[in-house]
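Trainee: So that we are looking at the same thing, I have put the structure below in structure tokens.
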Amino acid sequence: MESVGDSSRRAFATPLYVGAPMVEPETRLRFHALMDEAFDRNYLTNDGPLVQRLEAELAELHQVKHCALICNATIAQIVLLKALDLRGEVILPAFTFIATAHACLWQNLTPVFCDISPQSLTIDVDQATRLITPRTSAIIGVHVYGNMCDVEGLETACRQYGLKLIFDAAHAFSCTVGDTPAGNFGDAEFMSFHATKFFGTFEGGAIFTNNSDLDRRVRYVRNFGFRGYDDVGFLGINGKMSEASAAMGLASLPAIPERIRRCEETYMLYRDRFSEIPGIRVVPIGERGRGNFQYLVTLVDTEEFGVARDELYDALTAQNIWVRRYFYPGCHRVDFYQPACPDAKWNLPVTDDVCSRVLCFPVNLPHPEADVDTIAGVVKNIHNRAGETVQSITRS
Ligand code: T4K
């Protein structure tokens with residue numbers, strides 16, 4: 001693409017990012033105070049008091065028996081797969097961040113990619129059930145964008161075929177099915193507390209479960225397999241969370257209700273403004289319960305909108321609106337997975353359609369109403385000028 005011209009002509013002088021961390025001034029103050037405590041104690045990692053405090057608070061918040069904090073969600077998934085001692089194939093949606101698939105390969109499991117439902121964009125339970133073979137050991141659902149899976153349908157299928165059920169709840173902090181919070185479904189669920197997430201601890205993650213035996217094994221695997229001093233009973237890894245990350249989590253907790261309120265308000269603003277633009281559909285959030293609205297996801301209909309998703313992407317980025325195509329192109333389209341799954345016959349029409357149309361917009365905005373108005377104005381202008389080249393739109 002040609003140069004986009006000088007920054008004074010952009011809609012925003014500084015970039016607006018999807019996933020811009022949410023760190024309020026009070027959160028910073030609380031973080032510094034907690035770090036002072038940690039330095040005074042001179043205890044900085046290895047299941048420290050801040051980690052233990054955050055585990056207790058998160059278990060209570062999600063009404064789950066156990067929460068084990070981990071250094072990030074990718075390692076959390078690897079730890080969990082190891083603790084469950086899974087073998088053979090696992091069924092998971094191709095529409096997810098690549099980490100969900102990578103973690104399976106790290107455990108020598110064969111990922112079998114499944115399509116998604118066009119409404120919730122979560123795993124299609126009927127197709128997942130059809131993909132079960134004697135080699136299948138588990139199904140992994142992904143609560144994508146905080147939209148919860150059909151947990152009941154998946155629990156029924158897994159019970160019937162004797163499979164483990166895991167949820168990638170990376171996006172599902174404080175989301176619910178009905179009134180039941182994420183963390184309570186299947187055998188276990190893992191979350192991401194990456195800085196870009198709604199609840200961020202720089203890097204971080206957690207495994208939630210109501211199964212005490214599984215929690216015990218998770219804790220061994222997280223800590224090199226140690227069952228006690230000098231007693232290694234498992235092949236483990238270093239998956240521990242540091243006190244600095246736990247301090248960030250504890251400092252952030254009081255801000256959660258206000259973050260949800262702000263994100264939902266921003267979601268409503270986008271939904272309202274985009275409803276006037278043909279060909280831009282905002283994906284509903286929280287249809288099965290409560291969402292956290294940390295992602296604002298749209299599907300672009302090229303015919304109605306007049307401009308293809310990727311041209312819209314280029315035009316918005318040129319205006320400093322750094323939209324993202326989460327999760328284009330889908331795990332099944334990543335070259336890397338072709339040799340890994342030579343027998344797979346990909347037939348994932350909904351995934352392919354969504355991957356070709358999805359566009360996520362920034363949610364953590366400095367001035368929600370004014371910024372959404374400006375963003376919607378830019379999108380509308382691109383629609384109105386659909387006949388012109390992207391280069392000429394980005395330059396004006
Ligand atoms: N499962 C699912 C469904 C996931 O979405 C993820 C991660 C995982 C599992 C694995 O969780 P972790 O192992 O990461 O805990 C970002 C995040 O790094 C990743 O955590 C997240 N999902 C994914 C959806 O987004 P990238 O490769 O897109 O990151 P990057 O560097 O392009 O940054 C994303 C945006 O955030 C950019 O627009 C810039 C902005 N940003 C980023 C950082 C780090 C900021 O404004 N400030 C920052 O400090 O993966």
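The values are calculated or read from the model by the stated rules, or taken from the named source; none is laboratory data. Bear in mind that the values here come from a model prediction, so they are computed numbers and not experimental data. Cβ coordinates were reconstructed from backbone atoms using ideal geometry, including for glycine residues, and neighbour counts include every protein chain displayed. These area figures cover heavy atoms from the full protein model, side chains too; ligands, DNA and RNA do not enter into them. Shrake-Rupley method; radii C 1.70, N 1.55, O 1.52, S 1.80 Å.
Trainee: From the residues in the range 60-81 that are more than 16 Å from the ligand (Cβ to nearest atom) and in contact (Cβ under 8 Å) with a residue 12 or more places away in the chain, which one is farthest from the chain's Cα centre (by Cα)?
Mentor: Lys65
Trainee: Still on this structure, please answer the following. Could you identify the single residue in Pro257, Pro278 that is open to solvent by 40 Å² or more (accessible area, probe 1.4 Å) and without any contact (Cβ under 8 Å) to a residue 12 or more places away in the chain?
Mentor: Pro257
Trainee: So, of the residues in the range 308-334 that are within 12 Å of the ligand (Cβ to nearest atom) and of a type in the set (S, T, N, Q), which turns out to be farthest from Pro349 (Cα to Cα)?
Mentor: Taking the candidates together, the pick is Asn320.
Trainee: Let me ask something else. Please determine whether any residue of the range 188-199 is open to solvent by 10 Å² or more (accessible area, probe 1.4 Å), within 26 Å of Phe39 (Cβ to Cβ) and in contact with a Ser or Thr (Cβ under 9 Å, 6 or more places away or on another chain).
Mentor: Checked against the condition, which is being open to solvent by 10 Å² or more (accessible area, probe 1.4 Å), within 26 Å of Phe39 (Cβ to Cβ) and in contact with a Ser or Thr (Cβ under 9 Å, 6 or more places away or on another chain), the range 188-199 yields at least one hit.
Trainee: Next question, about the same structure. Could you list all residues from the range 194-232 that are of a type in the set (Asp, Glu), over 19 Å from Arg53 (Cβ atoms) and in a loop (DSSP other than H, G, I, E, B)?
Mentor: Selection gives Asp230 alone.
Trainee: Can you tell me how many residues within the range 178-197 are in contact (Cβ under 8 Å) with a residue 60 or more places away in the chain and more than 11 Å from the ligand (Cβ to nearest atom)?
Mentor: Counting residues in the range 178-197 that are in contact (Cβ under 8 Å) with a residue 60 or more places away in the chain and more than 11 Å from the ligand (Cβ to nearest atom) gives 9.
Trainee: Show me the helices (runs of 4 or more DSSP H) entirely contained within the range 256-356 in which 3 or more residues are out of contact with any Pro (no Cβ under 8 Å at 6 or more places or on another chain). Outline the logic, then answer.
Mentor: On the way: elements: 256-274, 302-305, 309-318, 337-340.
Ranges flagged: 256-274, 309-318.
Trainee: Looking at Glu24, Glu57 in this structure, which one is in contact with a helix residue (DSSP H, G or I) (Cβ under 9 Å, 6 or more places away or on another chain) and within 16 Å of the ligand (Cβ to nearest atom)? Lay out the reasoning, then the answer.
Mentor: Numbers: Glu57 fails: within 16 Å of the ligand (Cβ to nearest atom).
Selected residue: Glu24, the only one of Glu24, Glu57 that is in contact with a helix residue (DSSP H, G or I) (Cβ under 9 Å, 6 or more places away or on another chain) and within 16 Å of the ligand (Cβ to nearest atom).
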